[in-house]
1. At a Förster radius of 51 Å, what calculated FRET efficiency corresponds to the Cβ-Cβ distance of D363 and S128, to the nearest 0.05?
2. Quick one: in the stretch 48-284, what % of C-alpha pairs are over 29 Å apart?
3. Across the stretch 23-30, in residue order, what do the Karplus-derived ³J(HN,Hα) couplings come to in whole Hz, using 6.51 cos²θ - 1.76 cosθ + 1.60 with θ = phi - 60° and x for Gly and Pro?
4. For L21, L355, L152, what's the fewest-to-most ordering of other Cβ within 10 Å of each Cβ?
5. How large is the Rg to Rh ratio of the stretch 165-303 when both quantities use alpha carbon positions and Rh follows Kirkwood?
6. Compute the Kirkwood hydrodynamic radius of the stretch 1-142, taking the inverse of the mean of 1/r over all pairs of distinct Cα atoms, and give it in Å to one decimal.
7. In debye, nearest 20: dipole of the chain around its Cα centre with unit charges on the Cβ of K, R (+) and D, E (-)?
8. Hey, got the dipole for the stretch 167-226? About the Cα centre, +1 on K and R Cβ, -1 on D and E Cβ, debye to the nearest 20?
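Since every read-out is calculated from the coordinates, none of them should be taken as a lab result. Just so we're clear, the structure is a prediction, and the values are computed from it rather than from any experiment. When we count neighbours, we look across all protein chains shown, and the Cβ atoms used for this are built from the backbone with ideal geometry, even at glycine.
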Amino acid sequence: MKLFDVYPINPINIVKGQGSLVYDAHGTEYLDMYGGHAVISIGHTHPHYVKRLEDQLHQLGFYSNSIEIPIQKELATLLGKVSGKDDYQLFMCNSGAEANENALKLASFYNGKKKVIAFRKSFHGRTSLAVAVTDNPKIVAPINETDNVIFLPWADEAALAQAFADNEISSVIIEGIQGVGGIQVAPESFLQKIRSLCDEHNAVFIADSVQCGYGRTGKFFSQDFAGVNADIYTMAKGMGNGFPVGGIIISPKIQPAYGMLGTTFGGNHLACAAGLAVLEIMEQDNLMLNAATIGEYLIKELKKLEQVKEVRGRGLMIGIELPEELAHVRKELLFKHHIFTGEAKPNVVRLLPALNLTKAHADRFLEAFVNVLNQ
Ligand code: PMP
């Protein structure tokens, strides 16, 4: 059977990793400034993470969700502590799309309404509802088109107020920082406006934190900068550091009834072990502070570069916009300097490294980046 290539494939076979470094089958070392697409939060093969998963696998890999799973409660308690959202309820699933799917559905159960506000260039995943609120014509099939979604321009307060005035809005779904859309930071006043309109109209504020959440920006959720609480936060990627773990946390205003949420694999013993290890390491090693400090340093240094059009982002979620003619920069970083980065538009380099990226690794990236730009 032939394998379907989901993404354009680089001819590199990564077989090993440690911290922010990965190695191919020939032993060549690469610096991972992409964190395997924002997934690697605490670094590759962290000893505590490996041990927790290994111990759990020896103990019990899986058992049905219909029994008590104390490790789920342990995870919810620690997540409440680290995120500061102790009064929320956690529902665990397996991916970002599934988290968004459940959040949108739950909002509609809660207020009995159907219309959703989403934003231009958004990315929320590839399952039915998630893809319907995604603004990317390549991935929205005709069957997923829906009259219930209103796409608004990014950060346009007047358009937002008008959409609320004209429709019965069930929920607003927004990435605090658009990832795939090119690293666009939502202005704090815009998030505050969403909060007040949702309150006024009994609508649900859904913060898609799959890419920009979980400490990546230096705060647990990017809405925290605006002093705004969402009603539902959706999470995945960094939550499991590579083990598929997703989830939503739900504010006390919404109390799901039995049957509204469910999944076979979500919150299984191994997923919880991975999730707990991530949070323990984040807390022990103060990784949010590191993400803030190293991120601020990188952004400051990148802003000094003449050839760079714009630097956007927060903490270790950084977009470097280059003039169109420098779209080849990522390839040279990879093949000449052995550094993985991500892409947003062809001319936006996306950095989403592990939250424990060191200053030395940040400097290694900066040096290579300057070298490529100067050629
Ligand atoms: N939301 C955002 C903001 C994302 O970046 C992604 C993945 N790129 C998703 C949702 C979907 O996550 P998953 O691929 O785990 O379904």
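1. 0.70
2. On the way: 7033 of 27966 pairs.
Counting pairs separated by more than 29 Å, the tail of P(r) holds 25 percent.
3. Ordered by residue, 3J(HN,Hα) equals 10, 8, 5, 8, x, 6, 8, 10 Hz.
4. Details: L21 16, L355 33, L152 20.
Ascending number of Cβ neighbours within 10 Å: L21, L152, L355.
5. Values: Rg = 16.5 Å, Rh = 16.5 Å.
Looking at the stretch 165-303, the ratio lands at 1.00.
6. Numbers: mean 1/r = 0.0521 Å⁻¹.
The answer is 19.2 Å.
7. Numbers: 34 positive and 40 negative charges, 54 e Å.
The dipole of the chain has a size of about 260 debye.
8. Numbers: 4 positive and 7 negative charges, 45 e Å.
Roughly 220 debye, rounded to the nearest 20.
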